[in-house]
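The values are calculated or read from the model by the stated rules, or taken from the named source; none is laboratory data. The shown structure was predicted, so the numbers you read here are calculated from the model rather than taken from an experiment. Note: ideal-geometry Cβ built from the backbone for every residue, glycine included; neighbour counts use all protein chains shown. Surface areas here come from the heavy atoms of the whole protein model, side chains and all, with no ligands, DNA or RNA. Shrake-Rupley method; radii C 1.70, N 1.55, O 1.52, S 1.80 Å.
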Amino acid sequence: MSLVAARIKEFLEEYGERAALILRSALEVSDEYKASGKNALGDFDYKGLVQKLKLKGINYNPSPLLRKLEREYGIIETTYKSEKQHWWKFIDEEAIRDVLEGEEDIEDPKLIMLKVQTSALGIGEIKDKLKKLASKKKLNAAERKWFKNFAFETLPLIVRIVEVTIEEGYEDPELMEAIKVLKLSMKVANKLKARNVLPLEIGEEINP
């Protein structure tokens, strides 16, 4: 095992799933930049990493772990920094990939399945949409239609994820976002119920 690989394993052992999430997401950002031909100033940047985490339903400031990755563990290195941008490169990208693949081999397969499902559903985007609806005084017809489709098509899938998460006692941050979505959906439903605007079909009146 190389020195860098040993440092990566030490970092993962010290900071757990959140550390693995940061490294995986940074690799994904790097891969996307390479595939798109983006004029990058390094392998990945802070803005791209935060956006990637948000798409996974994670509202988390990665700065503390990025500092440790660079200053304490020597796994990444700054390539450009300004007031608005911060870019890094991987010291040994292949070592990171190899160690992460090894970690995935021993991870709970049910946990992996749930995390893949939350990513596929776009939990972060759903949570943002529900937060917006919950904060409004009144929903328009398009918003009520979106919520109806969400309630009957997407929400049952999220409920299954939450049920298994609670049953297995998982505390993974990605899965916690699914629980937040469930709570937010109830807030929106209560808002509609209070205003008596949850018809069977948009624009359809319920006859007595």
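About its Cα centre, what dipole magnitude does the chain give when the only charges are +1 on Lys and Arg Cβ and -1 on Asp and Glu Cβ, stated in debye to the nearest 20? Kindly include the intermediate steps, with their values, before the conclusion.
Numbers: 36 positive and 37 negative charges, 377 e Å.
Computed about the Cα centre, the dipole is about 1800 debye.
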Quick one: Karplus J couplings for region 24-40, per residue in order, coefficients 6.51, -1.76, 1.60, θ = phi - 60°, nearest Hz, x for Gly and Pro? 4, 5, 4, 5, 5, 4, 4, 4, 5, 5, 5, 5, 8, x, 4, 6, 8
Using every alpha carbon pair in the chain, what percent of pairs falls into each 10 Å bin from 0 up to the bin containing the largest distance? 8, 29, 28, 20, 11, 4, 1, 0
Nothing charged except the Cβ atoms of Lys and Arg (+1) and of Asp and Glu (-1): what's the magnitude of the dipole of region 1-105 about its Cα centre? Round to the nearest 20 debye. 660
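Which residues make up the longest stretch of the chain that has no GluC sites (Glu not before Pro) in a DSSP loop with at most 11 other Cβ atoms within 10 Å? All intermediate terms of the calculation are to be shown ahead of the outcome.
Details: sites that count: 83, 171, 201, 204, 205.
In short, 84-170.
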Sparse-neighbour loop sites [trypsin sites (Lys or Arg not before Pro); region 74-159; at most 14 other C-beta within 10 Å; DSSP]: 84, 136, 137, 138
Please grab the % of Cα pairs in region 14-131 that end up more than 22 Å from each other. 36
Share of accessible surface on carbon and sulfur in region 59-195, whole %, 1.4 Å probe and ligands ignored, is 52
Listed by chain and number, the lysines with an alpha carbon less than 25 angstrom from that of residue 81, same-chain partners under 8 positions apart left out, are 34, 38, 47, 52, 54, 68, 89
Grab the DSSP H runs of the chain that are 4 residues or longer, score each as -39,500 (n - 2.57), total them, divide by all residues and round the 222 nm result to the nearest 500 deg cm²/dmol. -21000 deg cm²/dmol
